[in-house]
Amino acid sequence: MSARPVLPVVSSRRRLTDMLARGTTLGLTLLALVPLFLIVYCLLSKGLGAWSVEFFTSDPTGSFLGDPGGIRSAIVGTLIIVALASAFAIPLGIAVALYLIEYGKRSLFSNTVRYFVDVMTGVPSIVFGLFIYIVLVATQVGGTSYAAWKGAVALALLMLPVVARSAEVVLNLVPNSLRESALALGAPRWRVIFRVVLPTARPGLITGSMLAIARAAGETAPLLFTVAFVNGISTKVTDRMNSLPLQIFNDVGQPQDRLVQRAWGAALTLVLMILILTLLARLAQRRSRLQS
Amino acid sequence: MEAAQITPTRRTLPRGSGPRFADPVLQGVLATAAAAVLLLIGFFFVKLLIESKPAFEQTSIVHFVTGADWVPSQKLYGALPLLFGTLVTAVIALLIGVPVAIATALYITELCPRRARQPLTILVELLAAVPSVVYGLWGIFVMAPALLGPERAVNNALSFLPFFGGTVSIPNYFVTGLVLAIMIIPIVSAISREVMSTVPRDHKEAALALGATRWEMIRVAVLPYSRAGISGAAMLGLGRAIGETIAVTILIGNAAVIGKGVFTQGYTLAAVQANEFGEAAADAVHKASLIAAGLLLFILTLAINLVARYYVNRAETATSRSVPVGMAG
Amino acid sequence: MMPPDVPTERVSPEEGKERKGARPAPLRATAGVAARSQAVASPSAAPTARSMSLSKLNAFYGSSHAVKDISLDYAANQVTAMIGPSGCGKSTVLRCLNRMHEEIPGARAEGKVTLDDLDIYGPGIDVTSVRRAIGMVFQKPNPFPTMSIFDNVAAGLKLAGIKQADTKQVVEKSLRGAGLWDEVKDRLSQPGIGLSGGQQQRLCIARTIAVQPEVILMDEPCSALDPIATLKVEELIEELKADFTIIIVTHNMQQAARVSDTTAFFYLGELVEHAPTEQLFSTPSNPRTEEYVTGKFS
């Protein structure tokens, strides 16, 4: 008669360590998420109170004593500046990624470019603003000092590496067999790119671009000394223009309750815009994944 | 039977499609775009260097970096307080943020239930979607006042240590560092996650098959393998913390001094630019000094990123090593 | 499936096996031909022959010498199979025939590859023109995922830059030529990737023949297909050789025996033997060929 096999015992100390480790990592993960919920809560509780029809339809008045006004010019300004920046950055970023994937591949030049694109994502946003100040604002290019389009260029510089990096990942996912089939049909490379590669990569390119736009919409520093601040609404890109991040930044510095409340309302608006963009981008990504 | 030899005719191929120069032109255009990236960075550097020269004509480079007085009204431009503040806030951010980020990366990749993976990932990434200015807004009006009490208590309790004791102000190094920590969690976590997911399955299975608990497997197979990549991720977080401007400007108090304590006010390289650029327009030397601060910031972040990217790239493309570290013998 | 307005000279299988030289094939007066430049140099010259031949072809991947000194003729309107164990260079040779080999970074080819009397590696030859004349079907069916069935076939024309007045007609003709028309004629606007594996491969064949090449190269076209789909494609090959010269790489010897008129056996980058299929499989002259076809190694 054989004895029942006995499994070796895992010491309770080891079990305890394991449980402790699991608990700690879970706890820290939840801790990391606490600020997210806190911010959302504060934004909603303090920001919603500022929202009103007037809030969205009137411009900041700049007066300290009377009615502070709404944030219309800031919203319009953000939309214009970010749209302009995207128009610069997205084609350029995709062009860089196209070069890296379709032509450069593993050459020294493209490896260097790839490396520095990555490095560029780490450049502080204020350096971009500083650079544009030196090159475009101080030199009064275009006849004006501060201008909306100059701020857009600074934002575009910020978006460029983000777009290029994500586009490169997406273009790399296009199966090489598709390129080969197109080439074997007698297509020149430029046709292969425009008629096969880009259409196939389009969903991913859109997602990457939307995420870059969401990032740019929230940036303040590049706009500080390129667009500068102005209260009134303006649609001329050669003028100074208001924008949501700048508006919030300004209001934060003021010791007045009503201005602070406006800042919360503006912050809620901005975060909502970014959130919607981000979620749309992720949804588009999921849908395209399900389709393929 | 001899095959009749038929001479094939002179033949031509169907005409190529489209203009023949289209391909080289496209390649040239795209290559120019790619080169533009490199040229831009070089150009940044050169321009910043040129424009900051007036500052160094007045203050030597050594004095700029080591001078302890930044008082523009008296034409004193010593950037040491700025460097000090930049470093202190960054270190606090790393001390708090990196362990948390690694913990979230570990939890998401190794420990959490499958279904929770996607939602948790999205939530952590949402932390990055909050704009810097909103972090500043929330920090100064909600976090900092709320922390005042606990800060005072800790300050008094540890007053025998250097950097503690003295008065506590609402904007201070610690709060800044704390908010910075929250801001760098997404990037450090994302890259750590990527690195951890490249750990070869057989390393992990080898540990588990020997009867290791989940945590022991992580300690023995995942962490050592990911060490280089996680360091890279932490460095990227450092770069981010150093370069962060707006939240810091709001939270640090903008006092150009070398703070006596963790709960006192300070200044950073990035914040000084945001704050003083408006006024400096008139004063050429002041402006140049601010640009010099910007140059210094650029060099710092460039250096950190160059090294960090090297580690991260190496970790992400590493093929499996033969034996998990710590399991040999 | 054949152009109704043009008389075709059929080569009987026996004749084809005996003759190794070029056989004249009639000029096809279809709409697509008008879009090409003169296919004959002088009005009284004989029509195009569409044979190919290799003369001392060497191919490299970087410094690795993959294909060594191959000289080989491919008869017009015949099916030539290239067989051999993995890594013997047969796919590389195939890719040299339409200059796809050079698309791999670091790869190059030396030697002479002629379509009739034209060296396709000659100076001044436009590589996209070569690929229009010499089409290729790949191992894994790969219809363009963003396009419908109709657009996939038409893509051949669009990508090659052929201006077509009546795309619909060409698409239908190509789909008929690929034996796919009846199965898809009611769903031409559906996505190409919605078809079964065998149908997708025939769609790729339709896409290839829409461009009206002279030669069709096939790189293990059935290895990703189930037996029934394979049978359909093999029947298709038999029909296609009336209009095209077909060169097929396969690792399946039975397929080579079923489908081809002549077979070439490769080993370690060299051409070992080229003979009419029946002869190569029943009485090969080279002992290594015999070892391979009897299954001593694969």
Debye calculation, C-alpha points only, no solvent: report log10 I(q)/I(0) for segment A:80-202 at q = 0.23 Å⁻¹, in the same order as the q values.
-1.24
Leaving ligands, DNA and RNA out of it, rank B:Trp138, B:Trp215 by accessible area with a 1.4 Å probe, largest first.
B:Trp215, B:Trp138
Cα gyration tensor of segment A:21-157 diagonalised, 5x eigenvalues square-rooted, in angstrom largest first, produces semi-axes 36, 30, 14
Got the relative contact order for segment A:1-127 handy, in percent, Cα pairs under 8 Å and 6 or more residues apart?
9 percent
Pairwise label distance in nanometres, B:Arg201 with B:Leu158, each label 7 Å out on the Cα-Cβ vector:
4.5 nm
When the Cα atoms of segment C:164-206 are enclosed in a convex hull and the volume is divided per residue, what value in Å³ results?
71 Å³
Pairs from A:Lys105/C:Lys173; A:Lys105/C:Lys163; C:Lys168/C:Lys241; C:Lys163/C:Lys241 whose Cα-Cα separation, in the structure shown, is over 30 Å:
A:Lys105/C:Lys173; A:Lys105/C:Lys163
Order C:Arg131, B:Arg227 by their accessible area, 1.4 angstrom probe, all chains in place, largest first.
B:Arg227, C:Arg131
Residue span C:Ser55 to C:Lys163: 0.36 nm per residue of separation minus Cα-Cα distance leaves a gain in nm of 35.4 nm
Estimated D of the protein assembly as shown in µm² per second, where Rh is the Kirkwood radius over Cα pairs and Stokes-Einstein applies at 4 °C, 1.567 mPa s:
40 µm²/s
For B:Lys47, which lysines qualify as cross-link partners when the Cα separation must be under 24 Å and same-chain residues fewer than eight apart are set aside?
A:Lys150, B:Lys75, B:Lys287
Within the set of other residues whose C-beta is less than 14 Å from the C-beta of C:Glu234, count the net charge using Lys and Arg as +1 and Asp and Glu as -1.
-2
Accessible surface of the protein assembly as shown, 1.4 Å probe, proportion on carbon and sulfur as whole %:
61 percent
Amide hydrogen neighbours beyond the local backbone of C:Leu118, cut-off 5 Å, H modeled:
B:Arg11
With no solvent and one equal point scatterer placed on each C-alpha of segment A:147-215, evaluate the Debye formula and give log10 I(q)/I(0) for q = 0.12, 0.15, 0.16 Å⁻¹, two decimals.
-0.42, -0.58, -0.63
For segment C:161-298, what is one quarter of the convex hull surface built on the Cα atoms, given in nm²?
9.9 nm²
Rg and Dmax of segment B:176-229, Cα atoms only, in Å:
14.1, 46
Rounded to the nearest 0.05, what FRET efficiency do B:Val25 and B:Val142 have when you use their Cβ-Cβ distance and R0 = 45 Å?
0.20
Ranked by accessible surface with a 1.4 Å probe, highest first, in what order do B:Phe21, C:Phe150 come?
B:Phe21, C:Phe150
Convex hull around the C-alpha positions of chain A: the volume in Å³ per residue is 263 Å³
Step by step: find N for segment A:180-266, compute 2.2 N^0.38 Å, then divide the Cα radius of gyration by it. What's the final number?
1.82
Among A:Gly186, A:Gly208, A:Gly265, residue whose mean-square fluctuation peaks in a GNM of chain A (springs only between Cα atoms under 10 Å)
A:Gly186
Heavy-atom accessible surface buried between B and A, both sides counted, 1.4 angstrom probe, nearest 100 Å², is 6800 Å²
In nanometres, the difference between 0.36 nm per residue of separation and the alpha-carbon distance of B:Ile122 and B:Ala281 is 53.0 nm
Here FRET efficiency (C-beta to C-beta, B:Leu306 to C:Lys68, R₀ 45 Å, nearest 0.05) is 0.45
What does the net charge come to around A:Thr235 if you take all other residues with beta carbon closer than 14 Å to its beta carbon, with K and R at +1 and D and E at -1?
+1
Taking just the C-alpha trace of segment A:75-138, give me its Rg and Dmax in Å.
14.9, 44
Can you give the accessible area of C:Asp119, probe radius 1.4 Å, in Å² rounded to 10?
40 Å²
Dimensions (Å) - segment A:222-263, Cα atoms, principal axes, largest first:
33, 19, 11
If ligands, DNA and RNA are left out, what is the accessible area of B:Tyr311 with a 1.4 Å probe, given in Å² to the nearest 10?
80 Å²
Taking amide H positions as placed in the peptide plane 1.01 Å from N, state which residues far from C:Glu273 in sequence (5 or more) or on other chains have amide H under 5 Å from it.
C:Phe265
Along principal axes, Cα extents of segment B:87-215, largest first, whole Å
56, 35, 24
The Kirkwood hydrodynamic radius of segment B:239-319, taken as the inverse of the mean 1/r over all distinct Cα pairs, in Å, comes to 14.4 Å
Sticking with the crude label model, points 7 Å out along Cα→Cβ, report the distance from A:Leu31 to B:Gln58 in nm, one decimal please.
4.5 nm
With each label point set 7 Å from Cα along the Cα-Cβ vector, what nm distance links A:Arg258 and A:Gln140?
3.8 nm
R0 = 45 Å: FRET efficiency of A:Tyr115 with A:Leu283, Cβ-based, nearest 0.05?
0.90
At a probe size of 1.4 Å, how large is the accessible area of B:Glu51, to the nearest 10 Å²?
70 Å²
Cβ neighbours within 10 Å from other chains - mean over B:209-219
4
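The values are calculated or read from the model by the stated rules, or taken from the named source; none is laboratory data. All of these numbers come straight from a predicted model, not from anything done at the bench. Positions of Cβ are generated from backbone atoms using ideal geometry, with glycine treated the same way; all protein chains shown enter the neighbour counts. In case anyone asks, the SASA skips ligands and DNA or RNA and just uses the protein heavy atoms, side chains included. Shrake-Rupley method; radii C 1.70, N 1.55, O 1.52, S 1.80 Å.
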